[in-house]
Amino acid sequence: METFPIVIIGGGVVAGYAAKEFVAQSGKKGGLAIVTAENALPYERPPLSKGFLSGKEKASDIEISNAAFYREHGITVHRSFRVEKVDFRRRRLRSDSGKMIGFDQLLIATGSTARRLMVPGGNRPEVFYLRGMKDSQAIRARIKRGQRAVVIGAGFIGMEVSSVLASHGVHTTMVFPDDRVWQRLFPPPVSTFFERQFAGHGITFMKSEKVVALTQKNHECQVVLASGKQVPTDFVVAGIGAMPSMELFHRTPLGVDGGIKVNKFLETIIPGVWAAGDVTNYPDQIFHRRMRVEHWDNAVEQGRSAMRNMMGKLQPFIHVPYFFSDAFDLSYEFWGDADGHDQVVYRGNMDQKQISVWWLKRQRLCAALIMNRPEEERAVAPRWILRRPRLDPKGLQKARNLKSLDTTFGRTEINDESETE
């Protein structure tokens, strides 16, 4: 049985960037192994619903590091290694083929899996999900053959996939239970803005609708809705959320609560066992509550942080949540967490596709969305979320620029006042 000082279980974004950090921290050859069920090296996930899905990028383009990187630095990558059991007492992994790999320290980076349609016909071959490279390749191949698509869901994946489909001439219908797109994140004016943009590209919305079945009629797939309507389609992409991949850990000593629980250093209750990325339930040091974040940037930064901590450079994980999205000619960025906000401030002009949205809680910035705005807004947004200065909402809305409002420049400490002050 091979044994390594550090083993990463999961071959996604966490693994790719943790490996780069291992090298940056002068890790020794033979000191790290990555175990992944996929037959691929760790790769970037955002392109799966963007450039890779649209055919602008190929598999090698989205690798975080190429094969030469792993060879040069003596990092072992076990591909197509599906872990069947994790033995924390004996500190080893067992694959479904019976192969064993031992570890001194383990980084759990199993990510998340797409939620499945639990309705009659939900397993039909016309139904696709988007989580890994093979999923994206399958949808891309289907785009070339299908003229009609139904996208179930109007969140991050639903919106990005719909824009790619429509851009490739596929007549796309978005079906979702809410009365506007991405209701969980967008305030009403922003939802309205995106709906107008999407409609302008030929996308049809079926709001406040729930899928109850998928059937076949006249040799074509039908999406059956709770209202009784039926939508004929060539294929379906379901973007209805994700669940942390924790099946291996439910009957183990690990703390599992909507994610694998870790401390502020990303270490679990088992010494020498760490977790990072989508699967991780961590105590956020900015918002003072436990969070589980499913975005690329979180996986990158937690992978780096966990690896540094595993190598003895112990520091708490402190990072402003962030993601970016592209849809047609629209690109925007989002920082923070708008949960519990009590005020929303808008800047810019939606008609000119230039807007920023600022979510405040007790006059402190908790989240910001920025699209086609001055660079200074991108600079202050994450800094204000981190440093927590008090902001005057009217001043924020009316200021010609934000320099006069920025009292945080040069500050390095974190305001640790809690949300319950």
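The values are calculated or read from the model by the stated rules, or taken from the named source; none is laboratory data. Bear in mind the structure is a predicted one, so any value in this text is a computation, not a measurement. So basically every Cβ, Gly included, is an ideal-geometry build from the backbone, and we count neighbours across all protein chains shown. Surface areas here come from the heavy atoms of the whole protein model, side chains and all, with no ligands, DNA or RNA. Shrake-Rupley method; radii C 1.70, N 1.55, O 1.52, S 1.80 Å.
Under the criterion of Cα pairs below 8 Å and six or more residues apart, the relative contact order for the chain equals 13 percent.
Projected label points at residue 204 and residue 218, each 7 Å from Cα along the beta carbon direction, are separated by 1.3 nanometres. Whole-Hz Karplus values for the range 196-202 come out as 5, 5, 5, 4, x, 9, x Hz, taken residue by residue from phi with 6.51 cos²θ - 1.76 cosθ + 1.60 and θ = phi - 60°; glycine and proline positions read x.
Quick note on the range 5-151: its Rg to Rh ratio, both from C-alpha atoms and Rh being the Kirkwood radius, is 1.03. Listed values for the range 261-267 are Karplus-derived 3J(HN,Hα) couplings in whole Hz (6.51 cos²θ - 1.76 cosθ + 1.60, θ = phi - 60°), namely 6, 10, 8, 5, 9, 6, 9, and x replaces Gly and Pro. Accessible area per residue for the range 292-336 is 37 Å², calculated with a 1.4 Å probe on protein heavy atoms, without ligands, DNA or RNA.
Hey, which of these cross-link pairs are over 31 Å Cα-Cα: 144/210; 56/229; 56/210; 210/398?
Numbers: 144/210 28 Å; 56/229 36 Å; 56/210 33 Å; 210/398 41 Å.
56/229; 56/210; 210/398, as the Cα separations exceed 31 Å there.
Under a 5 Å amide H cut-off, with hydrogens placed 1.01 Å from N, residue 256 pairs with 261 among residues at least 5 apart or on other chains. Please list, by residue number, everything in the range 94-128 whose backbone N is under 11 Å from a paramagnetic label point 7 Å out along Cα→Cβ of residue 84. Under 11 Å, as judged by backbone N against the label point of residue 84, lie 94-100 of the range 94-128. Assuming charge only on the beta carbon of Lys and Arg (+1) and of Asp and Glu (-1), the dipole of the chain about its Cα centre is about 460 debye to the nearest 20. Simple spin-label estimate for residue 270 and residue 145 gives 4.2 nm between the two label positions (7 Å along the Cα-to-Cβ direction from each Cα). Calculated mean residue ellipticity, 222 nm, the chain: -6500 deg cm²/dmol, from DSSP H runs (n ≥ 4) at -39500 (n - 2.57) each, averaged per residue and rounded to 500.
Of the options (1) 63, 48, 43; (2) 76, 55, 53; (3) 63, 58, 38, only one is Cα extents along the principal axes in Å as computed from these coordinates, and that is (3). Projecting the Cα positions of 159, 240, 252 onto the charge dipole of the chain (unit charges on Cβ atoms of Lys, Arg, Asp and Glu, taken about the Cα centre) puts 252 furthest along the positive direction. Here's how it looks for residue 362: its modeled amide H is under 5 Å from those of 342, which are all 5 or more places away or on a different chain. Across the range 95-111, coupling constants 3J(HN,Hα) worked out from phi with the 6.51/-1.76/1.60 Karplus curve, θ = phi - 60°, read 7, 5, 9, x, 6, 10, 9, x, 9, 8, 10, 10, 10, 7, 9, 7, x Hz, and Gly and Pro carry x.
The amide H of residue 241, built 1.01 Å from its N in the peptide plane, has 115 as neighbours under 5 Å, considering only residues 5 or more places off or on other chains.
Above 23 angstrom, tally the Cα pairs of the range 314-410 and express them as a % of all pairs, no decimals. Present the calculation step by step, with values, prior to reporting the outcome.
Working: 1001 of 4656 pairs.
Result for the distance tail: 21 percent.
Carbon-plus-sulfur accessible fraction, the chain (probe radius 1.4 Å, protein heavy atoms only): 48%.
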